[in-house]
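Taking it in order: structure first as structure tokens, then the write-up.
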Amino acid sequence: MRYISTYIIGLIFGLGISLSGMSNPAKVINFFDVAGSWDPSLAFVMGGALLVTFIGYRLVLPRPSGPIFEGKFALPTATRLDARLLGGSALFGVGWGIAGFCPGGALPAIGTGRLDVLAFVAAMLVGIFVARAIIAARQNAELNSNVKRA
């Protein structure tokens, strides 16, 4: 049942992204082009998503039974704005503005078979693996330096 639920949620998300135009890079780039052919319609899509999320969190999180398919909710615990978060956010925004895709919009667009979508998703996956390798290398170097000091 868990996988069926995950599939249905993903299907609804993908349909919403596709119907709203967020999987269309031209529409996304026009949203960011405030000095040119600005298209503010995606602001309404984002506002609607924020409203639904706000209401959903208020209704679901207080439930004493917790989530249906997990033991507890997986919510972020970090509250600090650090260089890693700000740098990643900036990189995400620049990539979104240049390519016209974000991961949420690109994944449903894979079904179109368009080369630009496939190239974006491939680059995104490479970026994920490279970032994980860099983080792991830093953690190993930090661990080794701490062991040498002890």
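Structural remarks
- Shape category assigned to region 10-58 from the gyration tensor of Cα positions, a/c cut at 1.5: oblate
- Cα centroid separation, region 3-25 to region 62-82 (Å): 23
- Taking a ≥ b ≥ c as the square roots of the eigenvalues of the alpha-carbon gyration tensor, region 90-142 is classed prolate because a/c is 1.5 or more and a/b outweighs b/c.
- Of Trp96, Trp38, the sequence from fewest to most neighbouring Cβ atoms within 10 angstrom is Trp38, Trp96.
- In order through region 124-134: 3J(HN,Hα) via Karplus (6.51 cos²θ - 1.76 cosθ + 1.60), integer Hz, x for Gly, Pro: 5, 5, 4, x, 4, 5, 5, 4, 5, 5, 5
- Whole-Hz ³J(HN,Hα) from phi, Karplus 6.51 cos²θ - 1.76 cosθ + 1.60, for region 28-42, glycine and proline x: 5, 5, 5, 5, 7, 8, 5, 8, x, 8, 4, 10, x, 4, 5
- Across the chain, the relative contact order, built from alpha-carbon pairs under 8 Å that are at least six residues apart, equals 28 percent.
- Dipole magnitude (debye, nearest 20) for the chain, charges at Cβ of Lys, Arg, Asp, Glu: 620
- Shape call, region 1-83: gyration tensor on alpha carbons, a/c limit 1.5: prolate
- Per-residue ³J(HN,Hα) for region 105-119, Karplus 6.51 cos²θ - 1.76 cosθ + 1.60, θ = phi - 60°, Hz, x for Gly and Pro: x, 6, 4, x, 6, 4, x, 6, x, 5, 4, 5, 5, 4, 5
- Between region 106-150 and region 39-56, the C-alpha centres lie 29 angstrom from each other.
- Proxy reagent accessibility, fewest Cβ within 10 Å first, across Asp39, Asp82: Asp82, Asp39
Here, each number is a calculation from the coordinates, and none is a lab measurement. From a predicted model like this one, the values you see are computed outputs, not experimental measurements. We place every Cβ from the backbone using ideal geometry, glycine too, and count neighbours over all the protein chains shown.
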